[in-house]
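**Q** One structure, pasted below without further comment.
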Amino acid sequence: MNYVATVGEREVKVTVEVLGGSNYKVTLDGREVVVDAHQVANHLWSVLYGYASLEVDVTPVPGDAFEVLINGDCHKFALMNEQRRAMIRAGGKGAAGKAMVTSPMPGKVVKLLVSEGEEVKVDQGVIVVEAMKMENELKSAIAGKVKEIFVAEGEVVESGAKLLLVE
């Protein structure tokens, strides 16, 4: 899955590819690394990178942002998938139109937070997908009404799968 991380004023292109098991290929602005990542507690991960063992605490904060503590060093950044970023840039937050919510990576639908016909606000959580042993609350990019839901709770989805449509 493709993402854009914003660190201060700098934007970094991030791609995450599941290689199998707990191995992931992560590309940061064209630089590839392979990591072995295991979730050991709610926000705590054990990551093997090269010959280094890292303790990584990932805490989501409002606004597509994260605080990540890596072996005692704190890093703050915003992260969004390229599709959401493109929609926001094209129409601005809360723009009228249609917004398809898609799965950022393969996973399992854990919970539907809305139902068809329900009104939603910009950045309102609409669905929870578990991927890489983490629950990810996906949000609506626009204000509008849930037009159609394409999945059910418990369903396994592929990366890019249509989850629901807001218009």
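**Q** Might you let me know whether segment 38-60 holds any residue that is closer than 30 Å to residue 165 by Cβ, under 19 Å from the mean Cα position of the chain (by Cα) and of a type outside the set (A, V, I, L, M)?
**A** Yes - at least one qualifying residue is present in segment 38-60.
**Q** Hey, another quick one. Out of all the residues in segment 122-151, which are in contact (Cβ under 8 Å) with a residue 24 or more places away in the chain and outside any strand (DSSP E or B)?
**A** Those that are in contact (Cβ under 8 Å) with a residue 24 or more places away in the chain and outside any strand (DSSP E or B): 122, 123, 132, 133, 140, 141, 142, 143, 151.
**Q** How about segment 6-50: which of its residues are surrounded by 13 or more Cβ atoms within 10 Å (Cβ to Cβ) and among the β-branched types (Val, Ile, Thr)?
**A** Of everything in segment 6-50, those that are surrounded by 13 or more Cβ atoms within 10 Å (Cβ to Cβ) and among the β-branched types (Val, Ile, Thr) turn out to be 6, 12, 14, 15, 16, 18, 26, 27, 34, 35, 47.
**Q** Here are the criteria: (1) of a type in the set (Gly, Ala, Ser); (2) at pLDDT below 90; (3) assigned by TED's automatic domain parsing to the domain that holds residue 157. Tell me which single one residue 65 does not satisfy.
**A** It fails just one condition, (3).
The values are calculated or read from the model by the stated rules, or taken from the named source; none is laboratory data. What you are looking at is a predicted structure, and each value in this text was computed from that prediction instead of being measured. As a convention, Cβ positions derive from the backbone with ideal geometry for all residues, glycine included, and neighbour counts pool all protein chains shown.
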